[in-house]
Structures are given as structure tokens and as C-alpha cells.
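Here's the structure, in C-alpha cells; my notes come after.
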Amino acid sequence: QVQLVESGGGLVQPGGSLRLSCIGSGSSFSDSVMGWYRRAPGKQREQVALISTVHSTTYADSVKGRFSISRDNAKNTVYLQMNSLKSEDTAVYYCGAAVRGVWYWGQGTQVSVSS
């Protein structure tokens, strides 16, 4: 059974930083595309960042230059380093992984950016 568990969310002031982590279990994720998505109140889900099996990355325009995605296959973990956070980054952040063509999702972690 594939499971993904996010951590690292919280309340931070504008301009601050947070690092999200997502640990996978129930499968090896080294052959899986992994990524982060978010859903803000009243908005549709947004793809934030993806990382391929060879560590190539893509980012939403809204986070380019501020967020960085990385992965550690030995630990079945994907990270999202978020810098220069803005109020519009407030959302629930979800980790996802494509395992043998099927996307799995974590339960999400809340990120709130407010002074």
C-alpha cells in the first residue's frame, strides 16, 4: 500500500522560509515522478513543482526563483524548499508520486503566510 506523508508546514511571516518533506512508503519511488501541488481556499489545485526520476525539475511561474524541489531516493523522500514566502502562497500543500502510472497523494500540510 503506497502512502505519502507530508510534514514541515506551519505559520510563517511574509519573506520567511519553510521546508516541506514528504516520505513515501509501500513502494520504491526511484522510478516515480514526484511533485508538490497546492490548493488555496476558493481556488483550484495548482501544480507547484515536479521532479523527474533523473532529477529534472519544473516549476509553476508563480514560484520560480523562490521554491526548490529535490529528492533523496535512498530515503524515499521529496522536499520543497520555499523561500521569500508571500501571502498568496498560503494553501494546503500535497505531495504526489506517480507509481507505475498511478498518482498517489498525501493528506496535505497547511502552509500559512501572514504577519
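Structural remarks
- Given (1) outside any loop (DSSP other than H, G, I, E, B); (2) more than 18 Å from W103 (Cβ to Cβ); (3) of a type outside the set (S, T, Y), number of the condition V5 does not satisfy: (2)
- In the stretch 46-56, the count of residues that are crowded, with 20+ Cβ neighbours inside 10 Å, touching a residue at least 40 places away in the same chain (Cβ under 8 Å) and not charged (D, E, K, R) is one or more.
- Residue selected from the stretch 98-115 under the condition in a strand (DSSP E or B) and either among the acidic types (D, E) or open to solvent by 30 Å² or more (accessible area, probe 1.4 Å) (or both), by the criterion farthest from T57 (Cα to Cα): S112
Residues checked against (1) assigned to a strand (DSSP E or B); (2) out of contact with any strand residue (DSSP E or B) (no Cβ under 6 Å at 6 or more places or on another chain); (3) at pLDDT below 95; (4) not acidic (D, E):
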site	(1), (2), (3), (4)
G35	yes, no, no, yes
G42	no, yes, yes, yes
A49	yes, no, no, yes
T53	no, yes, yes, yes
D61	no, yes, no, no
I69	yes, no, no, yes
A74	no, yes, yes, yes
Q81	yes, no, no, yes
S84	no, yes, no, yes
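- Hits in the stretch 63-97 (condition: aliphatic (A, V, I, L, M), out of contact with any Gly (no Cβ under 7 Å at 6 or more places or on another chain) and open to solvent by 20 Å² or more (accessible area, probe 1.4 Å)): A74
The values are calculated or read from the model by the stated rules, or taken from the named source; none is laboratory data. Keep in mind that this is a model prediction, so the values were computed, not measured. Don't worry about glycine lacking a Cβ; one is built from the backbone with ideal geometry, like all the others, and counts go over all protein chains shown. Surface areas here come from the heavy atoms of the whole protein model, side chains and all, with no ligands, DNA or RNA. Shrake-Rupley method; radii C 1.70, N 1.55, O 1.52, S 1.80 Å.
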